[in-house]
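The values are calculated or read from the model by the stated rules, or taken from the named source; none is laboratory data. Here the structure is a predicted model, which is why all the values come from computation and not from measurement. With ideal geometry, Cβ positions are generated from the backbone for all residues, glycine too; neighbour counts draw on all protein chains shown. These area figures cover heavy atoms from the full protein model, side chains too; ligands, DNA and RNA do not enter into them. Shrake-Rupley method; radii C 1.70, N 1.55, O 1.52, S 1.80 Å.
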Amino acid sequence: MGDRLLEVRNLKKYFKTKEGMLHAVDDVSFNINKGETLGLVGESGCGKSTTGRAILRIHEPTDGEVIYNNENILKYDKNKKKKMLRKMQIVFQDPYSSLNPRLSVFDLIADPLYVNKIYKTKSELSDRVKEVMDLVGLEQRLINSYPHELDGGRRQRIGIARALALRPEFIVLDEPVSALDVCIQAQILNLMNKLQEQLGLTYLFISHDLSVVRHVSDVIAVMYLGKIIELSDYKSMFIDPKHPYTQALLSAIPVPKVGAKRERIILEGDVPSPVNPPPGCGFYGRCKYREDICKEKTPELLNIGEGRYVACHFVK
Amino acid sequence: MSKNKNLLDIKNLTIHYGTDSGTVYAVDNLNLDIGYGETLGFVGETGAGKTTTALGIMQLIPNPPGKIIDGEIYFEGENLLNKTEKEMRDIRGSKISMIFQDPMTSLNPVMTVGDQIAEMIKLHDKVTNEEADKRAKEMLEVVGIRKERAKDYPHQFSGGMKQRVVIAIALACHPSLIIADEPTTALDVTIQAQVLELMKDLKVKYDTSMIMITHDLGIVAEICDNVAIMYAGSVIEYADVNSLYNNPLHPYTVGLFNSIPDLDSEQEELQVIKGHTPDPTNLPSGCPFHPRCPQAMDKCSKEKPNRIEVEPGHFVNCFLHEKTNKL
């Protein structure tokens with residue numbers, strides 16, 4: 001176990017809507033150790049991306065603490081926050097819409113360096129851009145190209161290069177490979193692994209794809225309706241999922257093998273609305289083990305031993 | 001192959017798009033057949049030509065810029081390419097239906113879902129409005145939606161429910177072939193599982209043939225009988241699901257399987273296929289995969305490999321398997 005780098009405590013992010021308060025992130029807590037990867041999984045709308053953004057204060061959290069290197073960064077003023085964010089970066093999902101189409105590869109990667117006034121001379125700046133391009137495997141000849149000239153894999157490499165330019169310690173990867181074909185996905189996943197080893201990076205890896213998350217993560221947290229319902233090391237999670245939702249989620253993955261013996265749990269219905277959620281377990285309506293207590297009391301995320309945490313009244 | 005007559009027979013289909021930067025060779029000499037009641041998985045990466053092939057079958061290639069240059073598409077024994085536009089309109093929806101990827105955009109937002117299903121029925125069958133409405137409601141129940149919801153609009157449904165409505169429309173006239181273009185890509189896994197289960201049931205119930213276009217080899221393993229792997233506009237390997245998954249032959253197919261993170265075992269590093277999919281305006285000479293192929297030989301850049309039958313029913317376009325070819 002390495003040193004703790006990031007600690008998220010009771011993080012909440014609510015959005016005001018016409019119908020009422022939308023509880024996007026509702027009391028989420030977890031830790032990430034230095035050099036490790038926490039995989040955050042869940043289906044659309046469960047709050048995983050909002051969690052990542054709230055940590056970086058892209059969405060200012062409603063409540064809670066984000067402790068980074070023993071300091072609560074939510075208390076930082078504007079200047080300190082800006083400095084802080086050099087150490088904490090984000091890579092977005094869609095390399096087609098997250099890059100300014102009118103900037104060249106050089107300008108895109110140099111942008112964070114300009115903004116933070118890191119280098120005084122042009123040659124230093126250009127050296128750093130070239131260095132980062134090498135790091136992420138972008139050919140030097142592409143330096144004056146524009147995003148529309150490049151394929152999805154190369155564009156995502158630009159996204160990663162932008163995040164790396166400021167020498168961060170912690171990166172939020174928000175579905176970094178979801179928009180890519182499997183072959184390119186594999187290339188990018190290998191690159192992320194290599195960079196983590198080489199630069200000692202810590203990742204928060206957000207994805208809906210469980211096989212990808214299993215491949216990259218040390219610890220996995222499963223989110224449902226704004227809450228973490230299960231948190232565990234990646235191995236135990238897949239061998240023996242505890243929460244009924246995790247069980248259904250894992251069983252629903254189509255496996256690329258013929259005759260794979262997997263008992264499929266088909267969930268009824270859909271995820272309920274996160275606007276003014278009723279008390280009780282969010283999974284109540286779809287759970288086959290539900291009892292009255294689940295409707296009345298929200299289960300807490302409890303330690304069940306061996307570093308595993310589950311939020312369910314019936315898992316002890 | 002075992003069936004004496006196929007529902008769909010595609011022979012030497014070639015489709016090009018004319019663009020400012022040159023001709024796009026989207027589909028290149030493609031051969032494929034589908035038997036009655038069969039589900040064919042159609043797998044390939046973005047730009048491999050999967051959707052273009054599907055649109056080619058439906059005769060929905062936007063022309064210009066697209067054009068079917070060559071080939072024949074026999075459906076129930078008749079060449080679709082000789083049909084008039086009016087005849088094609090009768091076939092689309094009644095005999096061949098299509099399910100598109102994104103249910104959010106393939107439904108009309110200002111029409112109730114009941115009316116959208118009934119519209120399809122009225123277009124193809126001579127029925128009264130009442131009869132069409134009744135059948136529309138039945139179709140909703142078939143896909144697991146309460147019939148009272150027929151008067152609701154698409155925005156009142158979730159993504160999975162919308163895709164069920166799209167499936168109901170596709171099945172309304174009991175087509176003999178359904179082309180499903182990435183039908184679950186836009187859905188979450190638990191919802192995807194629901195929709196796949198539904199499609200499996202309905203396929204049996206209506207004895208429909210299906211072309212399942214997808215990039216997800218997991219879905220293919222689950223739902224398909226046969227698989228065609230597509231690369232740069234042509235089918236490079238074709239077999240039944242068992243043979244293909246247990247014994248992939250083409251180096252591209254092998255690479256494709258290796259790039260998927262495995263749920264059941266440890267992998268330090270994923271094996272990747274080096275390089276990028278070729279530019280469709282400028283395909284490599286010979287075998288289109290040769291610049292990326294770890295086992296490429298001199299011959300591969302010069303000649304295009306022909307289709308060979310390595311085992312009965314297992315076809316591959318690759319010189320590596322030529323010597324093992326006993327047929």
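Cross-link partners for B:LYS137 among the aspartates and glutamates, with Cα-Cα distance under 18 Å and sequence neighbours closer than 8 places in the same chain left out: B:ASP115, B:GLU119, B:ASP125, B:GLU148, B:ASP152.
Within 10 Å of the Cβ of each residue in A:244-254, the mean number of Cβ atoms contributed by other protein chains is 4. Using a cut-off of 18 Å between Cα atoms, the listed pairs A:LYS80/A:LYS117; B:LYS95/B:LYS205; B:LYS134/B:LYS203; A:LYS87/A:LYS117; B:LYS95/B:LYS122 include B:LYS134/B:LYS203 as exceeding that distance. For B:ASP70, nonlocal amide neighbours, meaning residues 5 or more places apart or on other chains whose placed amide H falls under 5 Å from its own, are B:THR14. Computed with the Debye formula from one identical point scatterer per Cα of the range A:260-316, without solvent, the log10 of I(q)/I(0) at q = 0.14 Å⁻¹ comes to -0.49.
Based on Cα contacts under 8 Å between residues 6+ apart, the range B:210-261 shows a relative contact order of 23 percent.
Buried between A and B is an accessible area of approximately 3500 Å², summed over both sides with a 1.4 Å probe. In order along the range A:227-242, the Karplus-derived 3J(HN,Hα) couplings, from 6.51 cos²θ - 1.76 cosθ + 1.60 at θ = phi - 60°, round to 10, 7, 9, 7, 9, 6, 5, 5, 6, 4, 4, 7, 6, 9, x, 9 Hz, and Gly and Pro are given as x. Among the GluC sites (Glu not before Pro) within the range A:5-112, those in coil by DSSP and having at most 12 neighbouring Cβ atoms inside 10 Å are A:GLU19.
Counting only the Cα atoms, the range A:31-95 fills a convex hull of 121 Å³ per residue.
Rolling a 1.4 Å probe over the protein heavy atoms gives the range B:136-278 an accessible area of 34 Å² per residue.
Projected onto its three principal axes, the C-alpha set of the range A:111-177 covers 34, 29, 18 Å, listed from the longest axis down. Remark on the range B:1-76: Rg and Dmax equal 13.2, 45 Å (Cα only).
A simple rule links phi to the HN-Hα coupling: the Karplus curve 6.51 cos²θ - 1.76 cosθ + 1.60 with θ = phi - 60°, which for the range A:208-224 gives 9, 9, 5, 5, 5, 4, 4, 5, 9, 9, 8, 10, 10, 10, 9, 9, 8 Hz, with x for Gly and Pro.
Take the Kirkwood radius over Cα pairs of chain B, plug it into Stokes-Einstein at 4 °C and 1.567 mPa s, and you get 62 µm²/s for translational diffusion.
Taking amide H positions as modeled 1.01 Å from N, with prolines and chain starts lacking one, the residues under 5 Å from A:SER145 and 5 or more places away or on another chain are A:VAL105, A:PHE106. Could you identify which residue out of B:ILE236, B:ILE96, B:ILE308 has the top mean-square fluctuation in a GNM of chain B using Cα springs shorter than 10 Å? Result: B:ILE308 has the largest fluctuation of those listed. Computed from Cα positions, the angle between helix A:78-87 and the longest principal axis of chain A comes to roughly 90 degrees.
Of all the Cα-Cα pairs you can form in the range A:103-216, what percent are over 20 Å apart? Counting pairs separated by more than 20 Å, the tail of P(r) holds 41 percent. Taken one residue at a time, the phi angles of the range A:264-272 give Karplus couplings (6.51, -1.76, 1.60, θ = phi - 60°) of 8, 9, 8, 7, 7, x, 10, 5, x Hz. Gly and Pro are set to x.
Taking amide H as placed 1.01 Å from N in the peptide plane, B:MET98 has its amide H under 5 Å from the amide H of B:GLY93, B:ILE179, each at least 5 places away in sequence or on another chain. Treating the range B:139-231 as a set of equal point scatterers at the Cα positions, no solvent, please give the Debye-formula log₁₀ I(q)/I(0) at q = 0.14, 0.21 Å⁻¹. Each listed q corresponds, in turn, to -0.51, -1.11. Compared with the dominant Cα axis of chain A, that is its longest principal axis, helix A:182-199 is turned about 80°. When shorter helices are ignored and each DSSP H run of at least 4 residues is given -39500 (n - 2.57), the per-residue value for the protein assembly as shown at 222 nm works out to -9000 deg cm²/dmol. A straight Cα-to-Cα reach below 23 Å connects A:LYS235 with the lysines A:LYS34, A:LYS48, A:LYS194, A:LYS227, A:LYS257, A:LYS261, A:LYS316, residues fewer than 8 places away in its own chain not being considered. The convex hull defined by the C-alpha atoms of the range B:179-309 has an orientation-averaged projected area of 10.1 nm². If you restrict to DSSP beta bridges whose two residues both lie in chain A, what percentage is antiparallel, to the nearest 5? The antiparallel fraction comes to roughly 60 percent. Over the C-alpha atoms of the range B:250-322, the Rg to Rh ratio, Rh being the Kirkwood estimate, stands at 1.03. Taking every residue in A:183-194 and counting other chain Cβ atoms within 10 Å of its Cβ, the average works out to 5. The convex hull drawn around the Cα atoms of the range A:151-283, when projected onto a plane and averaged over every direction, covers 10.5 nm². Rounded, prolate or oblate, given the Cα gyration tensor of the protein assembly as shown, with a/c below 1.5 counting as rounded? The shape class here is oblate.
Overall dimensions of the range B:36-188, expressed as equivalent-ellipsoid semi-axes from the Cα gyration tensor (√(5λ), whole Å, largest first), are 28, 19, 14. Can you work out the base-10 log of I(q)/I(0) for the range A:37-142 at q = 0.14, 0.17 1/Å, using the Debye formula on its C-alpha atoms alone? Scattering profile of the range A:37-142, log10 relative to I(0): -0.77, -1.04. Taken residue by residue and averaged, Cβ atoms of other chains lying within 10 Å of the Cβ of B:266-274 number 5. Note on B:GLU131/A:LYS18: beta-carbon distance plugged into 1/(1 + (r/R0)^6) with R0 of 41 Å gives a FRET efficiency of 0.50. To the nearest 10 degrees, how steeply does helix B:189-206 sit against the main Cα axis of chain B, on a 0 to 90 scale? Approximately 80 degrees, to the nearest 10. Taking trypsin sites (Lys or Arg not before Pro) across the range A:218-262, the ones in a DSSP loop with at most 10 further Cβ atoms lying within 10 angstrom of their Cβ are A:LYS261. The calculated P(r) of chain A, using every Cα pair and 20 Å bins from 0, goes 31, 56, 13, 0 in percent.
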